[in-house]
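Taking it in order: structure first as structure tokens, then the write-up.
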Amino acid sequence: MTDEALEPVVEQAIEWMVRLRSGRTDTATKVAFHDWLAAAPDHAQTWQELQRRLGAPYERVRSAPASLREPLLQANHGRRDVLRGLVGLGLFGGGLWLASRSDHGQALLADLRTGTAERRELTLADGSRLSLNAGSAVNLDFSPGQRLLYLHQGSLVIQVIADATRPLVVRTAQGDARALGTRFLVERHNDSTRVVVLEHAVRVSLATGEQLDLQEGQSADLHRTHIERLDGDQRYRADWQQGRLSVLDEPLQTVIDALRPYHRGLLRVAPEVRGLRVQGVFPLDDNERTFNALAETLPVKIEHYGPWLTLIVPRG
């Protein structure tokens, strides 16, 4: 899932909220905060709106036990972790306000969305079949001259109905994937988009004009400045359609990122174990079974703090 930038003033307001409520605020920090408030009219306005929208939910986090509160409120974990936690736990106080200020937030208003642990299959107006993974958001723009799907976050698989007069394109912030009579997967990452051809062929392209044709079984990562062709057959990445997470020698951090759309609350991985290599097939709809399997095969342990937080840390 992507992590698009908020407006700078909103980023700054959230950063101040984290710092001021971390429990370790000194006089210099308070003076700097008041200087920031006075620096521009929209600073104070944005701060007041943030407090009105997110203040009460944030206080609920502050009142939690220290073992839970500290990982959530430490300033070095940053503003986006706070937002992800509030949104993931259903504390939407400022969601719609933030939605107008970020591409990530605009996913809340997308034409098609899936929630936590929700997969969805539907038939589009042209007869094409669309599958959405959990935590995905897509806007549709079908007109007499085009069929455009904009993937804001998450991943999709589409089985395209051929139409010579209206090409079908899946677009993301990085580039386009144009169907050449095909079935293919598109998934968003933090700063790239992965395209995997499940049947026939796809043409991927960037705003720079660079393009590449991919055949069945081939895949590529789209970056804003270049296309990276990937080795090996990546078609197993579409196994989420059957409720499976198939992993072939991936870092533990990548595996946990794939589980996030199926898990309520925050998932944190200790830096010491993020790079551990994982291989196997795991159930997406049974988090506990997956966590137990990881703990049995890797030198890690799983620590749960109610529904709020799950930590994956080194064993011992």
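Coordinate-derived values only; no laboratory data. Fair warning: this is a prediction, and the values are worked out from it, not measured in the lab. Using ideal geometry, Cβ is built from the backbone for each residue, glycine included, and neighbour counts are taken over all protein chains shown.
For the reader, a short list of remarks on this structure follows.
- Label sites at residue 111 and residue 281, each approximated as a point 7 angstrom past Cα along Cα to Cβ, lie 3.5 nm apart.
- With 0.36 nm allotted per residue and the present C-alpha distance subtracted, the residue 34-residue 141 stretch has 34.0 nm of extension available.
- Percent of beta bridges antiparallel (DSSP, the stretch 257-316, rounded to nearest 5): 60 percent
- Placing a label point 7 Å from the Cα of residue 288 along the Cα-to-Cβ direction, the residues of the stretch 247-276 whose backbone N falls under 20 Å of that point are 259-268.
- Karplus-derived 3J(HN,Hα), 6.51/-1.76/1.60, for each residue of the stretch 213-228, Hz, glycine and proline x: 8, 10, 9, 3, x, 8, 8, 7, 9, 9, 10, 4, 10, 7, 10, 10
- Summed side-chain charge close to residue 234 - residues other than residue 234 whose Cβ falls under 12 Å, Lys, Arg +1, Asp, Glu -1: -3
- Gain upon complete extension [residue 121, residue 295; 0.36 nm per residue less C-alpha separation]: 59.4 nm
- Sites residue 302 and residue 165 - FRET efficiency at Förster radius 45 Å, r taken between beta-carbons, to 0.05: 0.25
- Charge sum, other residues only, whose C-beta stays under 10 Å from residue 299's C-beta, Lys/Arg counted +1 and Asp/Glu -1: +1
- Dipole-positive endmost among 297, 284, 271 within the stretch 234-316 (Cβ charges, Cα centre): 271
- Cβ-defined net charge surrounding residue 269, 11 Å radius [Lys, Arg +1; Asp, Glu -1]: +1
- Linear extension gain, residue 254 paired with residue 226, 0.36 nm per residue minus alpha-carbon span: 7.9 nm
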